[in-house]
């Protein structure tokens, strides 16, 4: 019984690592700028950053009225 449990744990771990490596090998998403340079085999000229808005104030919470309890709750 102990041998079966140990073998099952070993082969389960082996299968999990194998599937993780396979998934990583077939993942072709671009995540960092170096991925683009490696894919195109050209240097990057510029990087466009995220847009920044003029007002950095957080959104104001709105009031929600619950019908059953007559309770006003601030919801953001």
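All of the numbers you see were taken from the coordinates with simple rules; none came from a lab. Because the structure is a prediction, the values reported are computed rather than measured. Using ideal geometry, Cβ is built from the backbone for each residue, glycine included, and neighbour counts are taken over all protein chains shown.
As a ratio to 2.2 N^0.38 Å, the alpha-carbon radius of gyration for segment 1-45 is 2.00. Simple spin-label estimate for residue 46 and residue 14 gives 5.4 nm between the two label positions (7 Å along the Cα-to-Cβ direction from each Cα).
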